[in-house]
Every structure is written in C-alpha cells, then in structure tokens.
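The values are calculated or read from the model by the stated rules, or taken from the named source; none is laboratory data. Quick caveat, the model's predicted, so the values are computed rather than measured. We place every Cβ from the backbone using ideal geometry, glycine too, and count neighbours over all the protein chains shown.
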Amino acid sequence: MLKTLKNKKAEGYIDVAVAVLVIAFALMFIVSIWSMMTLKQDLKYMCGEILEVATGQGQINSAVYERYDELCASSGIATQIEFSAEYFDASTGKVQLGDTITVTLTHELTLQGFGSYTFPFEVTVSKSGLSKVYWK
C-alpha cells in the first residue's frame, strides 16, 4: 500500500487537466470582456446617432424614434431609451434652443459561461448647446 502511494506516474495528467481548465476559463473571460467592450461601442454610436437627429429636430419626435428603431434593427441590440434635458417638455418632447440633451441607453447583459447572471449595462451620451430650435 505504501508503495502505491509513493508512485507518481500519473501526476502529469492531473497538471495538464488543471491547466486546460484554467486556460478555458481565461479564454471565456476574455471573450466576455471583449463582448462588453464592443457592446459599449455600439451603444455609444447609437446614442450619438440619436442625438444628431434629436438636435436637428429640436424635439424628441417620431423621427428620433424611427432612427432608434433603425439602429436597433441593424445592430440586433434591443435597448431601453431615456431622454433628459434642462428644459424638456415631456408631453410634446420639445427641447429649448441651446439646452443640453442627454440620451441614455440601457441593455440587459449576460456574461456567457458564468451562469445566468444578468445586469444592466448603461451608456449615457450628452451634448451641450446643440438643440437647434427655439420653442415659444
């Protein structure tokens, strides 16, 4: 029995198995981080495009939501959108000339390979002094 315990012939197999598991975990983590970075870039681009339409219109109207729908369809990302401004009439969607418009996009993110944990991933972009319409 003592002779069997001192035998170390299979020790290399265990080291290789552990190394493969660690490498697989590291690769999965790197891919998850990469997907978060690309999602952030996509959401930031979407915010910028939506802001361009909103500032050109001077209000949050159907043209803004049409562009938002186009961006969601082309990117395949379904998000929640929220607008805010210093002067923002929520009933008409009008933003006063020169005010800062802020767009916030929120997406539920699930890291693959790490269980089914979802958390909100939020990107906010604002541009000051860009509303181009004066509302009376």
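Considering each of Ser75, Ser62, Ser35 in turn, give the residue that is exposed (fewer than 12 other Cβ atoms within 10 Å of the Cβ), within 30 Å of Ile101 (Cα to Cα), modelled with pLDDT of 85 or more and not β-branched (Val, Ile, Thr).
Ser62
Name the pairs: first residue in the stretch 109-120 and assigned to a loop (DSSP other than H, G, I, E, B), second residue among the basic types (Lys, Arg), Cβ to Cβ under 8 Å, at least 6 apart or on different chains?
Pairs that qualify, where the first residue is assigned to a loop (DSSP other than H, G, I, E, B) and the partner is among the basic types (Lys, Arg): there are none.
Tell me, which residue of the stretch 86-136 that is at pLDDT 75 or above and within 14 Å of Gln57 (Cβ to Cβ) is farthest from the chain's Cα centre (by Cα)?
Looking at the filtered set, the residue picked out is Ile101.
If I ask for residues that are over 20 Å from the mean Cα position of the chain (by Cα) and in contact (Cβ under 8 Å) with a residue 24 or more places away in the chain, which ones from the stretch 49-83 would you list?
Ala54, Thr55, Gly56, Gln57, Gly58, Gln59, Ile60, Asn61
Pull up the stretch 38-59, narrow it to residues that are surrounded by 14 or more Cβ atoms within 10 Å (Cβ to Cβ) and polar (S, T, N, Q), then point me to the one that is farthest from Thr100 (Cα to Cα).
Taking the candidates together, the pick is Gln57.
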